[in-house]
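Working notes, beginning with the structure itself.
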Amino acid sequence: METSVFLYALLGGLFTWGLTAVGAASVFLAQEPSRKLLDGMLGFAAGVMLAASVFSLLLPGMEMAEAQGLVPWVPAVVGFLLGGALLRLLDRFLPHVHLGPGAEEEGIRTLWRRTTLLILAITLHNFPEGLAVGVAFGAAGLDPTGAATLGGAIALAVGIGLQNLPEGLAVAWPLRRAGIPAARAWFYGQLSAIVEPLGALLGALLVTQMLYLLPYLMALAAGAMVFVIVEEVIPESQAEGNGDISTFGVMTGFAVMMALDVALG
């Protein structure tokens with residue numbers, strides 16, 4: 001059983017990375033997608049991640065906690081806040097720079113190039129997504145309560161993969177505009193998500209070694225993703241004055257992910 005859990009987690013992580021590579025491959029097109037389209041896609045991504053956090057992680061985690069005889073909301077609240085705090089610490093100390101012209105370097109000051117810092121920023125925010133995929137597949141394979149399902153884990157991987165499409169685009173095109181050749185811009189764009197299969201394997205490993213902490217782990221993954229949504233994805237999607245488009249994207253992404261989770265879970 002544990003072997004299949006790791007295999008499914010790895011495949012899920014590879015799938016989400018693959019869709020990032022597909023998004024980054026847009027640099028081979030003759031024309032850059034419009035900013036309105038990008039902001040709508042980023043809003044969609046935020047909605048998908050938000051729904052995935054609720055329906056694929058927090059709610060099943062509370063069901064597991066109740067089945068274990070725990071107060072359902074305690075692991076959810078503790079894990080959720082811990083996940084956000086963990087991402088805040090990484091955001092505070094890991095050198096990186098966010099998308100957008102004029103963005104300042106954050107974290108510990110270094111002499112690294114802006115391209116490297118941009119990739120580190122996206123990598124930092126992709127890791128919790130991979131972790132969430134691994135935890136979801138681990139829970140589906142090993143949870144004795146049956147609250148987590150394989151369909152729900154697949155829905156989570158599909159949802160995160162869909163929201164990775166605009167992320168790959170958002171990393172690769174600024175590099176292309178800076179004069180970097182298309183092939184290299186694509187390489188850097190897909191490289192930003194290569195950490196997701198690693199995060200998925202780590203998430204599955206945590207579940208297999210600490211099954212009793214599964215409700216906390218699922219909430220932690222959800223908290224980390226929500227931190228990314230609020231800290232980066234939504235502000236970036238509204239930075240150019242396309243708030244209505246971005247908001248509609250959030251609503252649409254949430255609805256799509258909710259439907260996926262219910263249909264597959």
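In sequence order, the range 33-39 has phi-based couplings of x, 5, 5, 4, 5, 4, 5 Hz under the Karplus curve 6.51 cos²θ - 1.76 cosθ + 1.60, θ = phi - 60°, and Gly or Pro positions carry x.
Measuring between their Cα centroids, the range 30-94 and the range 145-200 lie 16 Å from each other.
What ranking, highest mean first, results for peptides 156-164, 199-207 when packing means the other Cβ atoms within 10 Å averaged over each residue? Don't skip to the end; give the middle numbers.
Working: 156-164: 27.9, 199-207: 24.2.
Going by the mean number of other Cβ atoms within 10 Å, highest first, we get 156-164, 199-207.
Taking all protein chains into account, the per residue accessible area for the range 1-62 stands at 44 Å² (1.4 Å probe). Highest mean packing first, where packing is the average number of other Cβ atoms within 10 Å per residue, the peptides 191-198, 85-92 line up as 191-198, 85-92. Rolled with a 1.4 Å probe across the full set of protein chains, the surface gives residue 212 an accessible area near 150 Å².
Quick check on packing: order 243-256, 47-60, 219-232 by the mean number of other C-beta atoms within 10 Å, highest mean leading. It would help to have the intermediate numbers written out before the result.
Numbers: 243-256: 18.9, 47-60: 26.4, 219-232: 24.1.
Result, highest mean Cβ count within 10 Å first: 47-60, 219-232, 243-256.
Which FRET efficiency value, to the nearest 0.05, is calculated for residue 177 and residue 255 with the Förster distance at 41 angstrom and r the Cβ-Cβ distance? That gives a FRET efficiency of 0.80.
The HN-Hα couplings worked out from phi for the range 219-225 by the Karplus form 6.51 cos²θ - 1.76 cosθ + 1.60 (θ = phi - 60°) are 5, 4, 4, 5, x, 5, 5 Hz, whole numbers, x standing for Gly and Pro. Can you tally the net charge around residue 190? Count Lys and Arg as +1, Asp and Glu as -1, for every other residue whose Cβ sits under 13 Å from the Cβ of residue 190. Taking every Cβ under 13 Å from that of residue 190, the sum is -1. Residue 17 exposes around 70 Å² of accessible area when a 1.4 Å probe is run over every protein chain in place. Remark: the range 141-265 carries 40 Å² of accessible area per residue (probe radius 1.4 Å; ligands, DNA and RNA excluded). Sort the range 173-265 into rounded, prolate or oblate with this rule: let a ≥ b ≥ c be the square roots of the eigenvalues of the Cα gyration tensor; rounded if a/c is under 1.5, and if a/c is not under 1.5, prolate when a/b is larger than b/c, oblate otherwise. Taking the square roots of the gyration eigenvalues as a ≥ b ≥ c, the range 173-265 is oblate.
Sort 4, 34, 26 by heavy-atom solvent-accessible area, probe 1.4 angstrom, most to least.
On the way: 4 40, 34 65, 26 15 Å².
Of 4, 34, 26, the descending order of accessible area is 34, 4, 26.
Ranked from largest to smallest solvent-accessible area, with a 1.4 Å probe on the protein heavy atoms, 264, 19 come out as 264, 19.
The values are calculated or read from the model by the stated rules, or taken from the named source; none is laboratory data. Since this is a predicted model, take the numbers as computed values, not measurements. Please note: Cβ atoms are built from the backbone with ideal geometry, for glycine as well, and neighbour counts cover all protein chains shown. Note: areas computed on protein heavy atoms with side chains; ligands, DNA, RNA excluded. Shrake-Rupley method; radii C 1.70, N 1.55, O 1.52, S 1.80 Å.
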